[in-house]
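Below: one structure, written as structure tokens.
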């Protein structure tokens, strides 16, 4: 397999607005291969990692991510995930994965009821997932958030199960939005679908303040290359 | 059929009506009267301001496009930087959320209409004092409106300013600036090409909202302004995002000749302006215009200001391809007319011609007024009580936790200020700095207004504001490439208001000519007046600067323990119209500082030189607020303390809180001297307290963390508890 570039598919819904940033971080900074996937596509064009970027898909009318889950590409993504393919949802992408049932739980409005954009500190709780294998457990990361619906919630038994299985992958050091158990990022039970509210693509170059997010894309690439 | 009452409703004077009859050679019908009413409104025609604005310099070595288009364009790092500021004051008072949101939507369209992808938004906001709950509600609505529109668009709101003065209680100011980037050879203009081309309407359907919005912005508010709610448009950022992507795609494939967004006066202004500029006419078929409501009349269709609409002139035979692209983005695009040889503006509805007027009479021939004006009185007040010594530490705490200086974090965290990942300096300190991906250069952006200066001395206030904007740019090593401006005033039909305006333009001209920086466009907002009470003259200067090499950019994270703090420039005996007076004495007037532009330019170029030689860890300017509050803010970002040993040759208040313009502070690990500018080593970065000795006597000793907390908490406590 050598150093062959890993193919990332960046999904674009009407209203997605972090697609270009995510593409830039994967292609120009991480040096992997990236292509856009249109919401009406039904074919993933050979992508080895699917990334659902942030934004306001379909204007986020109704509920964040609620309409996007009905888009044609979602069927293909579900099949891909069931077959073990890597899927990463960032911010609105995370909300879409929740709405689509690929991840457990739901997003509520931030506890302060306002949009929050700022750098936050995160702790890596699990460094054995395909998306965090280049991090170290307990490591602190500085990555920005930008959302109004980022207050993660799940039923107590679901949370207990996720805690037990170390599926809360990233936690906030200072909870900005009211998320249960300070949850910032989670992974599914198969360990191949991850969602997080912080924006790793915004923390991939030192000129914009942090490089702590870059290893998330590099981890996924390494995982694909070595599997 | 057309009587005085109808003319009054259309905000047209008897003389203007006579002129319309002369142009047409007959009485206009009601639709035509409506067309003239909006196109000749102050908002669309600049009839009171034009003869004065033409005095401003509009040439410069970086200039690509000056005033007269949707936005101005300068060159930076081989790219075209497209930028403009617009006011949305009147709608934001009537309906703060939608008023501000659609203000953002409108300026974004101005930028992407030129073929540029918007990369940044900045806002200059002015409200009445926050002790009044109504002003708090307006501010909260405006801030949410900006966030509610800007965030979904994926355009970062990277900076701006917020200020408070009593007069803004009934006339808040919402001035929004947008900056975009385009390829130099891919700029689009409002042109119609030749006769026989299709006009394509794309975007949201037309509704009854905003009819006569432009006319509303051209009259004073009375006590019945609440009734104007129907005039405020409602924004849909999702639609605009799709419109943005589709429009840029149509441009990239080179399918259109020209384009204009349907903003003020909607379909009428966009079609007539494009045609008039290209020496052709237009014929609109109103039956093809997509409508949101039933039973709309031609009058309403032509004058609607519904948001998120674009009008394009298609290249011959490209209509189908254009429609396909818009459809891909889920947007309806329809042919609604064509360009014609005859230079007329014609509208056809249900087989009948409902309007037929010379196209130039709408777009170019609006009356120009040289309105009478009187020279404003200048406030020269200086009270000796203002100069007395005080507990400067206590004053510092008060000043930095006042609404004038408290941290704006509560506001800018509601804005996505990082999307597009170009934001190099986070908001809250100095100008905004953006990288241009793939280049070593960066651009610096600022928007500055100071109504206190304008109120006390309009002309000098304008000079100072231009100088301040450029000084802000200098603090990051950027030289100005061009400016845009928004001039906010009361009723120009009053000679004293017109006098403020004329003096302000003179002041801008003086400063811009001195710095040799062009105006690339802008906006005038008159009639910011309620029940006879006008706002103070408020000039927003939006400046774009170039940083040749971002690798030497100063920033708070570069500062280290033991670094030296230097004061550069000239400290005068200035305290009038300062934040100090407002906070300590509740006094909003007083003599405005004088400025020597030669000294100012020396200071700026010296600081820029030191930054480019990589001698500077961090730099900032001192007005408004003065040395001590601005140094405190810098320390909050640096997260360290400082010890100052100063030997003021003037009263301490001038040195610590005075707002003499030509002064800056730089922090550096090096010994720095200057042959051009007075420079004093006033202290060093040390510990976690801000301690000041004046002639050896300790006058301030405050913990930086505790100061920072009061500074940061102000807006959170006000709005969230």
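Here's the yes/no breakdown for (1) within 30 Å of residue A:26 (Cα to Cα); (2) at the interface with chain A (Cβ under 9 Å from one of its Cβ atoms); (3) outside any helix (DSSP H, G or I); (4) in contact with a strand residue (DSSP E or B) (Cβ under 8 Å, 6 or more places away or on another chain):
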{"position": "B:375", "(1), (2), (3), (4)": "no, no, yes, no"}
{"position": "B:378", "(1), (2), (3), (4)": "no, no, yes, no"}
{"position": "B:394", "(1), (2), (3), (4)": "no, no, no, no"}
{"position": "B:406", "(1), (2), (3), (4)": "no, no, yes, no"}
{"position": "B:417", "(1), (2), (3), (4)": "yes, yes, yes, yes"}
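Take the conditions (1) in contact with a helix residue (DSSP H, G or I) (Cβ under 7 Å, 6 or more places away or on another chain); (2) closer than 17 Å to residue B:622 by Cβ; (3) surrounded by 24 or more Cβ atoms within 10 Å (Cβ to Cβ); residue B:472 misses just one of them, which is (1).
Take residue A:113 and decide whether it is within 14 Å of chain B (Cβ to nearest Cβ) and either part of a loop (DSSP other than H, G, I, E, B) or surrounded by fewer than 20 Cβ atoms within 10 Å (Cβ to Cβ) (or both). Yes. Those strands (runs of 3 or more DSSP E) of segment B:21-132 in which 2 or more residues are touching a helix residue (DSSP H, G or I) at 6+ places or on another chain (Cβ under 9 Å) occupy B:79-87, B:117-127. Filter segment B:37-56 down to the residues that are over 30 Å from residue B:5 (Cα atoms) and crowded, with 19+ Cβ neighbours inside 10 Å and list them by number. Listed by number, the residues that qualify are B:52, B:53, B:56. Quick one: would you say residue A:135 is crowded, with 16+ Cβ neighbours inside 10 Å, more than 14 Å from the chain's Cα centre (by Cα) and outside any helix (DSSP H, G or I)? Answer is yes for this residue. Just so you know, in segment A:43-63 the residues that are in a helix (DSSP H, G or I) and under 18 Å from the mean Cα position of the chain (by Cα) include one that is nearest to the other protein chains (Cβ to nearest Cβ), and it is A:60. Scanning segment A:175-195 for residues that are touching a strand residue (DSSP E or B) at 6+ places or on another chain (Cβ under 7 Å), farther than 25 Å from residue A:84 by Cα and in a loop (DSSP other than H, G, I, E, B) gives A:176, A:177, A:178, A:179. The combined condition, being assigned to a loop (DSSP other than H, G, I, E, B) and touching a helix residue (DSSP H, G or I) at 6+ places or on another chain (Cβ under 6 Å), is not fulfilled by residue B:240. Does residue A:20 count as within 20 Å of residue A:197 (Cα to Cα), in a helix (DSSP H, G or I) and more than 12 Å from chain B (Cβ to nearest Cβ)? Here the answer is no, as residue A:20 does not meet what is asked. Checked against the criterion of being away from chain B (no Cβ under 14 Å), at positive phi and modelled with pLDDT of 95 or more, the candidates A:166, A:215, A:140, A:171 yield just one match: A:166. In segment B:538-556 there is at least one residue matching the filter, namely being farther than 30 Å from residue B:370 by Cα, part of a loop (DSSP other than H, G, I, E, B) and touching a strand residue (DSSP E or B) at 6+ places or on another chain (Cβ under 6 Å). A single member of B:623, B:637 is in a loop (DSSP other than H, G, I, E, B) and on the phi < 0 side of the Ramachandran plot, and it is B:623. Residues in segment A:193-220 that are surrounded by fewer than 24 Cβ atoms within 10 Å (Cβ to Cβ) and within 19 Å of residue A:32 (Cα to Cα): A:205, A:206, A:211, A:212, A:214, A:215, A:218, A:219.
Of everything in segment A:186-212 that is away from chain B (no Cβ under 14 Å) and within 20 Å of residue A:19 (Cβ to Cβ), the residue that is farthest from the chain's Cα centre (by Cα) is A:193. Filtered by the rule that a residue be surrounded by fewer than 17 Cβ atoms within 10 Å (Cβ to Cβ), assigned to a helix (DSSP H, G or I) and touching a residue at least 12 places away in the same chain (Cβ under 8 Å), segment B:288-320 gives a lone residue, B:288. Only one residue in A:76, A:66, A:81, A:34 is out of contact with any strand residue (DSSP E or B) (no Cβ under 9 Å at 6 or more places or on another chain), farther than 19 Å from residue A:226 by Cβ and away from chain B (no Cβ under 12 Å), so which one is that? The match here is A:66.
Scanning segment A:74-97 for residues that are surrounded by fewer than 24 Cβ atoms within 10 Å (Cβ to Cβ), touching a residue at least 24 places away in the same chain (Cβ under 8 Å) and either assigned to a helix (DSSP H, G or I) or touching a helix residue (DSSP H, G or I) at 6+ places or on another chain (Cβ under 6 Å) (or both) turns up A:74, A:75, A:76, A:78, A:80, A:81. The set of residues in segment B:148-186 being away from chain A (no Cβ under 14 Å), in a loop (DSSP other than H, G, I, E, B) and in contact (Cβ under 8 Å) with a residue 12 or more places away in the chain consists of B:165, B:170, B:171, B:172, B:184, B:186.
For the criterion of being assigned to a strand (DSSP E or B) and in contact (Cβ under 8 Å) with a residue 60 or more places away in the chain, residue B:353 fails. The requirement of being touching a strand residue (DSSP E or B) at 6+ places or on another chain (Cβ under 9 Å) and either in contact (Cβ under 8 Å) with a residue 24 or more places away in the chain or part of a helix (DSSP H, G or I) (or both) is fulfilled nowhere in segment B:584-598; no residue meets it.
Being away from chain A (no Cβ under 14 Å), under 30 Å from residue B:529 (Cα atoms) and modelled with pLDDT of 95 or more holds for only one residue in B:466, B:411, and it is B:466.
Per-residue answers, yes or no, for (1) under 22 Å from residue B:104 (Cα atoms); (2) more than 14 Å from chain A (Cβ to nearest Cβ); (3) part of a helix (DSSP H, G or I):
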site	(1), (2), (3)
B:244	yes, no, yes
B:260	yes, yes, no
B:263	yes, yes, no
B:270	yes, yes, yes
B:276	no, yes, yes
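Scanning segment B:421-447 for residues that are surrounded by fewer than 24 Cβ atoms within 10 Å (Cβ to Cβ) and either more than 14 Å from chain A (Cβ to nearest Cβ) or outside any strand (DSSP E or B) (or both) gives B:422, B:426, B:427, B:428, B:429, B:436, B:437, B:438, B:439, B:440, B:441.
The values are calculated or read from the model by the stated rules, or taken from the named source; none is laboratory data. Only a predicted model underlies this, so the values are computations on that prediction, with no experimental measurement involved. A quick note on method: Cβ atoms are made from the backbone with ideal geometry, for glycine too, and the neighbour counts reach across all protein chains shown.
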